[in-house]
Structures are given as C-alpha cells and as structure tokens.
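Inspection log for the structure reproduced underneath, given as structure tokens.
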Amino acid sequence: MNQQQRIELPVTSGIVLETMDLKKYYMQGKVEIRALDGVNLKVEAGELISVLGPSGSGKSTLLNMIGALDRPTSGTIMIEGQDIGRMNKDQLAEVRRRIGFVFQYFNLIGRLTALQNVELPMTVKGMKTQERKEKAIQFMNLVGLGDRITHRPSELSGGQQQRVAIARALAQEPRFMLMDEPTGNIDTHTRDEVLGLVKRLNEEHHVTTVIITHDAMVASITNRTVYIVDGKLYNSHEEALEAERISKAELEERTNDEGGMTV
Amino acid sequence: MKIVDVIKYSGRSLKVQKGRAVLTVLGVVIGITAIVALNSLVGGFSNIITGQLSQGLSAQTLTVTSGSGGFGGFGGGGGRGAAATISYSNLTGSTDLQSYLKKNGNHVDGVMGVVTISAGQFAQTPSYYSTLNGSSVKYTATITGVDFATYGNSVFYASTFTTTGGLGSIPTDNNSIVIGYSAYHPYDNASTLINYGQNLVLNWRWLNTTAGNCSVNVTGVLAKIQGVSLASLTGGPSNNGIYMPITLAMKIFDTQKLSSIVLHVNSTDQSVIDNVTATTQAYFHSSGTVSVTSATSLLTTLNTVLGTVSALLTAIAAISLIVAGVNIVNIMTVSIIERTREIGILKAIGAKDADILGIFLVEALLIGIIGSLVGIGLGYLGSFGLGSILFRAATGAGGGFGGGFGGGLSTFVPVLSSTLFLEALGFGVGTAVIFALYPAFKASRKPPVEALRYE
C-alpha cells in the first residue's frame with residue numbers, strides 16, 4: 001500500500017470544465033437533429049459527477065464535446081479556463097492528453113500487454129521509457145492489478161480490462177476523468193468492484209470524474225447527478241421528468257394533429 | 001511521440017500481424033532480388049567481356065581503314081566521299097604518314113601497316129590422326145602481313161605477339177611465318193596440327209578471284225592468348241592468325257594495298273585522339289576518306305551496349321516493385337480499416353495526426369528495409385546460380401564465342417557494387433514508403449469520433 005502513497009496525480013482546483021450554451025446540430029437526411037441544445041455544465045476540481053439520461057438524449061454527443069473529440073455547432077467549452085473551440089487539431093490533441101477517457105468497451109489495444117496499454121499515453125507524450133514504465137506499474141498497483149502487468153487484454157476479465165483502462169486514464173495525469181458507461185459491458189458482479197475503485201480514486205486521490213450513463217445505479221455512487229433529456233441539461237430529477245413529459249405530450253399532439261388531417 | 005517509440009510500436013504491430021507482414025515484405029523481396037540479381041549478373045558479365053576483349057588492347061591504338069564507317073559502324077571518324085586507297089607507299093618515301101603526323105601535332109610514336117587476307121588454307125595431317133588413318137585436314141586461318149619488328153615492339157603488341165610461353169621464335173628472314181596457338185593445337189587433345197620447323201604449302205585466295213599457293217617455313221608458335229581479344233579486331237594478334245612479313249604478303253598477293261594502318265598515340269586524351277584522327281584524315285584527303293577507330297571507342301561502345309541491356313533488365317525488374325507497391329497499398333488500406341478503432345484510441349489519448357502518419361509510414365519503412373536487405377542478399381546469391389547456369393549454356397553452345405569464353409567464364413564473379421547496394425535499398429524503401437503515403441495519410445486524418453465509433 002506504500003506504493004499508492006507515492007502516486008502523483010495533478011492537484012487541480014477551481015473549475016476544470018465548463019460549457020456555455022453548448023449546441024450541436026446534425027443533419028440526418030433533411031431533418032435537423034438537435035443533439036445538444038444549449039447545455040450549461042460546470043465541473044469543479046475534485047467533483048464526482050454523473051450525467052444521467054436515456055439513450056438518444058445526447059449523452060454521447062456531450063461526451064465527444066467535453067472530451068475534445070468533436071467540435072460543437074455553437075457555444076463554448078472551457079477546459080481549465082481554455083476555450084477549446086478556437087483550437088486546431090493538434091491543440092485539441094494536446095487537450096486530450098489531459099483528459100482520462102474510460103470507454104464502455106474498454107478500448108484497450110489487443111496486441112499490447114496491460115502494462116504497455118497503461119504506458120501508451122505517456123509514450124504518446126514522449127516520456128522516457130524507464131520513467132513511464134515505473135509510473136505504469138504504480139497505476140497498475142493502484143487499480144489492484146499489479147500481478148497482471150504482462151497479461152494481454154484478451155487474458156483478462158471484463159472488470160479487469162476496465163480497471164486497466166482506468167489505470168491508463170490515470171496515466172494521462174488527467175485534469176478530469178471522463179467515463180462513458182464504464183460498467184455497461186461488465187457483469188453486475190464486477191460492476192461494484194469498478195465503481196468502488198472510481199469512488200476510491202475520487203475520495204483518496206481527488207480525481208475529478210465525470211460519468212456519463214443511463215444507469216441510475218451507477219449515478220447513485222456520485223456526489224452530484226445532472227439529467228440530460230433531448231439535448232438539454234437539468235439539475236434535478238423532477239425537472240427532467242417534467243421535460244420528458246412535455247416532450248412526450250408535444251410528440252403526441254403532433255401525431256394527433258397529423259392524425260386529425262386524415263379525418 | 002518519440003521516433004524510437006514509434007519504431008517500437010510499428011515493429012510490434014508487424015510482429016503481431018506476422019503472416020501479413022511476411023507477405024508484404026515478400027513483394028519487396030522479389031522486386032529487389034530481381035533487380036540485384038540481374039544487375040550484378042550483367043556487372044559480372046561485362047567485367048568478363050571487357051576484361052577479355054581488352055586483353056592486349058591498348059587504349060593508345062588507333063586503326064586507320066579505308067572508307068567511312070570502320071568496323072561495321074563502330075564509332076570511328078569516317079566522312080563522306082570515295083574511299084581512299086591505303087597503300088604501302090603511305091608508310092615509306094618522302095610523303096609518308098608518320099612524318100606528316102610528326103609535323104602536325106607530333107602525337108604518334110608508332111605507325112604500322114597491316115595486310116590481312118581472310119582465307120588462307122593449309123592441307124595438313126594432324127600428328128595424332130596420322131597414326132590412325134593418315135588423312136589430312138584443311139586448316140583455314142586469317143593471314144596477316146605485318147612488319148614483325150614493329151608489330152612485336154613495346155608500342156604495339158609485345159604482350160601477345162611473342163613466342164615466349166609458345167614455341168620456336170619469331171622469324172627474322174622474309175620467307176618465314178609464325179602461327180597462332182590454334183593452328184598448332186586446334187583440338188585441345190594430344191594431337192597437334194602445324195608445328196614449328198615445318199615447311200608447308202599455303203593455299204590462298206585473294207579478293208575472291210586470284211588463287212595460288214606458296215611454300216613457307218614455320219619458325220614459331222605464338223603463346224596462347226586467353227579469351228577473345230578485341231585487339232585482334234583492330235589488327236592485333238589472335239590464336240587463329242597466321243603472320244608473315246608484310247613484304248612477303250605484298251609479294252605473294254601482288255598488291256601494294258594495305259588493309260589498315262595502326263597508329264600508336266602517346267596519350268589517351270580525347271583531344272589528342274581527335275587531333276590525330278583529323279590529321280590522318282587530312283593526310284588522306286586528296287585520295288578519299290579513311291576512318292580512324294580508337295580502340296577505346298570500341299570498348300566504350302561495348303560498355304554502352306551492356307549498360308543499355310542492364311537498364312532494360314532493371315526496368316523489367318522494376319515492374320515487380322510496382323506490383324509490390326500496389327500490394328503495399330492494398331495491405332496498408334486493409335490494415336488501416338482494421339485498425340480504425342486503434343487509431344481512434346490513439347487519438348483519444350492525445351496522439352496527433354503526425355504521430356499516426358509516423359506509425360504507418362514507419363511500418364512501411366520497416367517493410368521496405370527488411371524486404372530490401374533480404375532481396376539484396378538473395379539477389380547476390382541468385383546471380384551466382386543464374387550465372388553458372390548461363391555459362392554452362394554459353395560454353396555448351398560451342399561455336400566461336402563458346403570456345404573463346406570457356407576459359408574465362410569459370411571465374412565469373414557477380415558484381416555487387418556499393419552503388420548497386422544503395423540503389424537497391426533506396427528503391428525498395430522508396431517503393432514501400434511512397435505507396436504507403438496515401439493510406440497512411442488517410443489514416444492520420446480520420447476524425448477521432450468516427451474512428452472510435454468504428455466496430
């Protein structure tokens with residue numbers, strides 16, 4: 001456990017992530033889809049927050065925006081006070097180097113060992129071999145897989161793979177960790193194990209974490225939950241339910257109108 | 001990403017996709033093997049050919065022949081107009097060529113007249129055959145009339161016109177001849193045909209109409225000349241030749257006409273050769289045109305021909321490199337499609353477009369380097385094998401060249417010059433990288449969101 005004490009993760013303070021009136025519209029054929037329709041989200045350092053919403057609510061789009069993977073139609077995304085909207089591709093890549101992604105499908109590289117996968121972000125940054133190896137071992141210990149470093153992803157269980165992915169995200173020395181349905185692809189047995197790890201990292205190491213999920217159980221471990229419905233963000237469940245009700249009613253009304261025309 | 005890490009990463013992905021990598025490398029290997037094998041083969045051949053042909057051939061020798069064109073179009077400085085008559089009087093008297101050349105430039109230190117009659121014949125019984133049935137054999141040879149003292153001096157053919165290592169001696173009187181080694185020992189067995197010290201009747205035909213015979217005494221046999229010598233084409237000694245004093249030749253053939261005059265210049269500078277050529281042509285100008293052929297121009301022409309053959313073979317081999325290149329495009333494209341998600345992951349953890357481009361280009365680079373090195377090795381080894389097969393065919397074919405080359409070809413060594421090595425390496429690596437450029441560029445430009453979404 002001494003090794004865990006030596007882990008250096010960046011100490012952040014203030015607002016690490018903020019979106020202002022964030023919009024993302026797609027054209028699907030001739031229909032305009034408003035995936036994000038004016039999202040305002042503020043994440044402070046050390047927070048453990050979940051974005052809860054059903055499929056098709058704009059969750060993934062939001063993840064892509066705040067993960068600097070895609071560009072918004074309009075609005076502002078500030079990461080550590082920097083507006084990433086005006087950045088070129090290489091600058092966005094630099095921003096992603098400070099974000100720890102954890103995906104639903106783990107997204108480990110199959111031909112690399114667990115350790116090499118954890119090393120990869122540091123390799124990309126150009127860190128020296130010895131240094132990154134030592135750090136990667138520390139992160140593997142931290143997620144409890146110190147004895148699995150030479151295993152390849154295919155030789156690990158789903159839960160273990162996700163813990164390797166978390167170790168890799170930590171290796172980014174992230175300003176915040178961004179998780180996309182982190183337990184969506186693992187059995188309920190190991191789910192608690194992964195969520196426990198996420199909770200512990202936040203509490204003991206103050207890792208700022210944003211979890212995007214449709215699973216209320218996952219959201220329940222976080223300290224704050226925001227709700228996303230039809231591309232809009234709500235701070236309470238009640239507001240979200242109300243929005244959902246209105247949206248359904250509007251849909252019905254439209255359908256009825258159209259139905260009325262046939263009479 | 002550091003270049004070392006890019007190389008490690010690319011190397012690892014080649015190692016994992018071993019089967020595919022081997023197939024891709026194989027394409028490059030085949031192309032480079034073909035190029036290297038053919039080139040080092042031609043290199044080895046041309047070394048042998050020029051080595052053999054230039055034996056006894058001095059770069060300082062110029063041959064003056066009547067008319068334009070010289071050796072059936074081989075170089076030479078011929079002009080238009082009637083062919084000049086080159087006669088013995090051009091070598092003697094008050095207006096001889098040598099003094100003219102001395103007056104105009106003074107670059108020539110040897111002048112020699114040559115009379116060549118192509119069909120001289122001896123009816124002769126081989127020494128070994130006579131013990132069997134005693135029948136005679138007709139031996140046909142080229143008869144050359146030369147001034148022995150000049151012909152065998154150090155300026156001209158001292159190295160090949162010698163009986164040292166042969167038999168007997170070069171005659172000093174005006175009625176004796178010396179024979180090439182083939183006339184003495186034509187069958188490569190225990191039997192000899194014409195030996196020194198013999199008196200023979202020489203039958204000849206001159207200008208296809210006049211025929212006659214004369215009695216001559218053989219005083220010597222020239223040492224065997226190795227290989228085929230270009231020197232014999234320019235009037236130098238050959239194994240098949242029979243040599244008599246020029247005065248005897250002129251007497252028995254009743255002519256004052258010379259087949260050629262051989263000049264020896266004191267420098268191999270092109271300017272000197274050009275000057276002597278022009279002076280000689282000016283000397284003969286009043287009687288007509290002559291062509292002056294430099295010995296080196298024959299070699300140059302030959303080397304140009306060999307170079308062209310080599311370039312042609314390279315071009316054919318290069319086609320297989322293009323095929324390899326298309327194969328690389330294919331495999332790279334498939335590999336990139338399969339690794340779309342990996343590209344997405346790399347981008348998500350902060351890899352830039354340049355990093356992705358680097359990874360795929362380095363993969364191609366490694367394929368190119370491995371393929372080229374293996375190809376160069378195989379090509380060099382292959383040219384030994386190919387060479388020996390070709391030689392067996394050449395020597396087995398017999399005939400003029402077969403016999404002549406027989407001795408020299410056993411020493412065939414393919415030539416792998418450092419230039420060829422570097423060119424082959426450059427070709428292989430260049431092909432791999434150039435053909436990988438487009439797929440690698442495409443891979444590097446994939447938007448991260450799309451790449452990550454790829455199943």
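The values are calculated or read from the model by the stated rules, or taken from the named source; none is laboratory data. Just so it is clear, the structure is predicted and the values come from calculations on it, not from any experiment. Note that each Cβ is placed from the backbone with ideal geometry, even for glycine, and that neighbours are counted across all protein chains shown. Accessible surface is based on the protein model in full, side chains and every heavy atom, while ligands, DNA and RNA are left aside. Shrake-Rupley method; radii C 1.70, N 1.55, O 1.52, S 1.80 Å.
Starting from residues that are among the β-branched types (Val, Ile, Thr), part of a helix (DSSP H, G or I) and within 7 Å of chain B (Cβ to nearest Cβ), keep the ones in the stretch A:106-129 and report whichever is surrounded by the most Cβ atoms within 10 Å (Cβ to Cβ).
Among them, the one singled out is A:Thr123.
Residue check: is A:Val43 modelled with pLDDT of 90 or more, crowded, with 16+ Cβ neighbours inside 10 Å and within 14 Å of chain B (Cβ to nearest Cβ)?
No; evaluated as a whole, the condition is false for this residue.
Please specify each residue of the stretch A:66-86 satisfying the condition of being touching a residue at least 40 places away in the same chain (Cβ under 8 Å) and more than 10 Å from every other protein chain (Cβ to nearest Cβ).
Correct list: A:Ile66, A:Pro72, A:Thr73, A:Ser74, A:Gly75, A:Thr76, A:Ile77, A:Met78, A:Ile79, A:Glu80, A:Gly81.
Within the stretch B:411-452, can you find the residues that are over 27 Å from B:Val326 (Cβ atoms), without any contact (Cβ under 8 Å) to a residue 40 or more places away in the chain and more than 14 Å from chain A (Cβ to nearest Cβ)?
Of everything in the stretch B:411-452, those that are over 27 Å from B:Val326 (Cβ atoms), without any contact (Cβ under 8 Å) to a residue 40 or more places away in the chain and more than 14 Å from chain A (Cβ to nearest Cβ) turn out to be B:Ser418, B:Thr419.
Across the stretch A:95-127, what is the total count of residues that are charged (D, E, K, R) and either within 20 Å of A:Val16 (Cβ to Cβ) or touching a Gly at 6+ places or on another chain (Cβ under 9 Å) (or both)?
4
Only one residue in A:Glu134, A:Glu173 is out of contact with any helix residue (DSSP H, G or I) (no Cβ under 8 Å at 6 or more places or on another chain), more than 9 Å from every other protein chain (Cβ to nearest Cβ) and more than 17 Å from A:Leu201 (Cα to Cα). Which one?
Result of the check over A:Glu134, A:Glu173: A:Glu134.
Read through the list (1) within 11 Å of B:Leu222 (Cα to Cα); (2) at pLDDT 80 or above, then give the number of the only condition that B:Thr144 fails.
(1)
Out of curiosity, is B:Ser154 open to solvent by 70 Å² or more (accessible area, probe 1.4 Å) and at pLDDT 80 or above?
Here the answer is no, as B:Ser154 does not meet what is asked.
Would you check if B:Ser291 is open to solvent by less than 10 Å² (accessible area, probe 1.4 Å), touching a residue at least 12 places away in the same chain (Cβ under 8 Å), within 14 Å of chain A (Cβ to nearest Cβ) and touching a helix residue (DSSP H, G or I) at 6+ places or on another chain (Cβ under 9 Å)?
So B:Ser291 fails the test.
When the residues of the stretch B:1-46 are narrowed to those that are touching a residue at least 40 places away in the same chain (Cβ under 8 Å) and not in a helix (DSSP H, G or I), which ends up nearest to the other protein chains (Cβ to nearest Cβ)?
Across the stretch B:1-46, the extreme among qualifying residues is B:Met1.
Among the residues that make up the stretch B:325-336, is at least one of them at pLDDT below 95 and within 15 Å of B:Glu450 (Cα to Cα)?
yes
Would you mind listing the strands (runs of 3 or more DSSP E) fully within the stretch A:188-260 where at least 1 residues are over 17 Å from the mean Cα position of the chain (by Cα)?
A:224-229, A:232-234
Can you find, within the stretch B:273-288, the residue that is nearest to B:Leu258 (Cα to Cα) among those that are open to solvent by 10 Å² or more (accessible area, probe 1.4 Å) and among the polar types (S, T, N, Q)?
In this case the residue turns out to be B:Ser287.
Would you check which residues across the stretch B:326-338 are within 14 Å of chain A (Cβ to nearest Cβ) and open to solvent by 10 Å² or more (accessible area, probe 1.4 Å) and list them?
If the condition is that a residue be within 14 Å of chain A (Cβ to nearest Cβ) and open to solvent by 10 Å² or more (accessible area, probe 1.4 Å), then B:Glu338 is the only one that fits.
Every residue in the stretch A:87-105 that is more than 10 Å from chain B (Cβ to nearest Cβ) and part of a loop (DSSP other than H, G, I, E, B), please.
A:Met87, A:Asn88, A:Gln104
Between residues in the stretch A:125-137 that are over 21 Å from B:Asp355 (Cα atoms) and residues that are open to solvent by 40 Å² or more (accessible area, probe 1.4 Å) and of a type in the set (Lys, Arg), which pairs lie under 7 Å by C-beta distance while being six or more apart or on different chains?
none
Condition check: within 14 Å of chain A (Cβ to nearest Cβ), among the polar types (S, T, N, Q) and in contact (Cβ under 8 Å) with a residue 60 or more places away in the chain. Does B:Thr301 satisfy that?
no
Checking the condition open to solvent by less than 70 Å² (accessible area, probe 1.4 Å), modelled with pLDDT under 80 and not assigned by TED's automatic domain parsing to the domain that holds B:Ile252, which residue from B:Gly134, B:Gly93, B:Gly75, B:Gly120 passes?
B:Gly75
In this structure, is B:Ala351 open to solvent by less than 20 Å² (accessible area, probe 1.4 Å) and within 14 Å of another protein chain (Cβ to nearest Cβ)?
Yes; evaluated as a whole, the condition is true for this residue.
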